1. Name the residue that is farthest from the other protein chains (Cβ to nearest Cβ), counting only residues in segment B:1-56 that are open to solvent by less than 60 Å² (accessible area, probe 1.4 Å) and part of a loop (DSSP other than H, G, I, E, B).
2. Kindly provide the set of residues from segment A:127-151 that are under 21 Å from the mean Cα position of the chain (by Cα) and more than 20 Å from A:Arg203 (Cα to Cα), ordered by number.
3. Considering each of A:Val157, A:Val137, A:Val189 in turn, give the residue that is away from chain B (no Cβ under 14 Å) and more than 17 Å from A:Leu45 (Cα to Cα).
4. Go through A:Ala93, A:Ala106 for me and flag whichever is out of contact with any Phe, Trp or Tyr (no Cβ under 9 Å at 6 or more places or on another chain), without any contact (Cβ under 8 Å) to a residue 24 or more places away in the chain and hydrophobic (A, V, I, L, M, F, W, C).
5. Just one of (1) open to solvent by less than 30 Å² (accessible area, probe 1.4 Å); (2) under 20 Å from A:His184 (Cα atoms); (3) more than 9 Å from chain B (Cβ to nearest Cβ) trips up A:Thr34, so point out which.
6. Identify all residues within segment A:47-72 that are within 11 Å of another protein chain (Cβ to nearest Cβ) and open to solvent by less than 20 Å² (accessible area, probe 1.4 Å); write none if there are none.
7. Out of all the residues in segment B:8-58, which are touching a residue at least 40 places away in the same chain (Cβ under 8 Å) and either of a type in the set (S, T, N, Q) or within 14 Å of A:Met191 (Cα to Cα) (or both)?
8. Could you identify the single residue in A:Val157, A:Val189, A:Val161 that is of a type in the set (A, V, I, L, M), closer than 18 Å to A:Arg20 by Cα, modelled with pLDDT of 95 or more and assigned to a helix (DSSP H, G or I)?
Amino acid sequence: MSHSAALAASEPSPYQIPSRKLGIWMFILADAATFGAMLFAYGYLRVANPDWNRPFAFWPSIVNGIGMTVILLTSSLTMVAAMLESQRGRTSAALRWLGATMALGALFAALHLREWVALIGSGWRLFRNPLGGTPLVGATFFSITGLHMLHVISGVVVIGVIGLGFRRGRFTASHVEITGLYWHFVDLVWMFVFPLVYLLNMR
Amino acid sequence: MKRYVVVWMGLLAIVAAEVVITLARPATLVLLAVLLALAIVEGGLALLYFMHLKYERRNLLWSLIPTLVIVLVLMGHFFPDAFRLMHQRGTAP
């Protein structure tokens, strides 16, 4: 036995969680700092630009945002159900909940894309503001929500891959739990994006 | 599962509160403070219950959360320097 292997055998794991779970927590920590930096940048840019426009009317933008928030929060609940069922060994029930989570994630992305298409249709671009104010409004909105949407779409794909592997017995309940941690993090980020980017920019 | 449904309902209630407060049109700084506070409560509930930090060993929570808070506080502290430096640029020779 090598020295490091002997140490690992004699010393208990400090967090008493599998290494893959610690790995996803490290990823979440780094990703939270990334989103934190983007939201701080948005905040300071907004304060530094007196000609900042508020692009969102209550109808349809904020109502659409409320719908997206409810959908994402509900998808976290279905993800928890998938994790619990997978831990109880009920594969088909876990797969049904994973499917529901994927469907809700896809619906969230579709509503978000519809929002983007409407904004682009009314002249908003990454560096263009049709209302005549600073172009940074579009830059920050599309950057922050685009990065979040990328996380949602990636999450839907990952849940699908893990679900398929779980059905075939290649992945375990632990993999479902770790995927769930990522999905809840995506939900957690939206809990800050919705009030800071949408509600604070309501006309 | 019942516990998670209660947390989910609590999260929905917080979102509803955020929208109602925004519609009341308070001053922007007041709105920012209230929305941030509510978002932190929401995030805390998601971390503790949906992400199970409440049921892990305490040292995991104490390793992760203060680290993130320190990083975010330092970001908030040093980001304004980017604006100060913009004004310190000399003119081209």
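The values are calculated or read from the model by the stated rules, or taken from the named source; none is laboratory data. What you see is a predicted model; the values in this text were computed from it and never measured. No Cβ is skipped: glycine too gets one built from the backbone with ideal geometry, and neighbour counts run over all protein chains shown. All accessible areas refer to the heavy atoms of the entire protein, side chains included, with ligands and DNA or RNA removed. Shrake-Rupley method; radii C 1.70, N 1.55, O 1.52, S 1.80 Å.
1. Result: B:Pro26.
2. At the first step, the residues of segment A:127-151 found to be under 21 Å from the mean Cα position of the chain (by Cα) are A:138-151.
If the condition is that a residue be under 21 Å from the mean Cα position of the chain (by Cα) and more than 20 Å from A:Arg203 (Cα to Cα), then A:Ser143, A:Gly146, A:Leu147, A:His148, A:Met149, A:Leu150, A:His151 are the ones that fit.
3. Numbers: A:Val137 fails: more than 17 Å from A:Leu45 (Cα to Cα); A:Val189 fails: away from chain B (no Cβ under 14 Å).
Just a single option satisfies the conditions, and that option is A:Val157.
4. Details: A:Ala106 fails: without any contact (Cβ under 8 Å) to a residue 24 or more places away in the chain.
Of the residues listed, the single one that is out of contact with any Phe, Trp or Tyr (no Cβ under 9 Å at 6 or more places or on another chain), without any contact (Cβ under 8 Å) to a residue 24 or more places away in the chain and hydrophobic (A, V, I, L, M, F, W, C) is A:Ala93.
5. It is condition (1) that A:Thr34 fails.
6. Matches in segment A:47-72: A:Phe56, A:Ile62, A:Gly65, A:Met68, A:Thr69, A:Leu72.
7. Initial filter on segment B:8-58 (touching a residue at least 40 places away in the same chain (Cβ under 8 Å)): B:49-50.
The one that is touching a residue at least 40 places away in the same chain (Cβ under 8 Å) and either of a type in the set (S, T, N, Q) or within 14 Å of A:Met191 (Cα to Cα) (or both): B:Phe50.
8. Details: A:Val157 fails: closer than 18 Å to A:Arg20 by Cα; A:Val189 fails: closer than 18 Å to A:Arg20 by Cα.
Of the residues listed, the single one that is of a type in the set (A, V, I, L, M), closer than 18 Å to A:Arg20 by Cα, modelled with pLDDT of 95 or more and assigned to a helix (DSSP H, G or I) is A:Val161.
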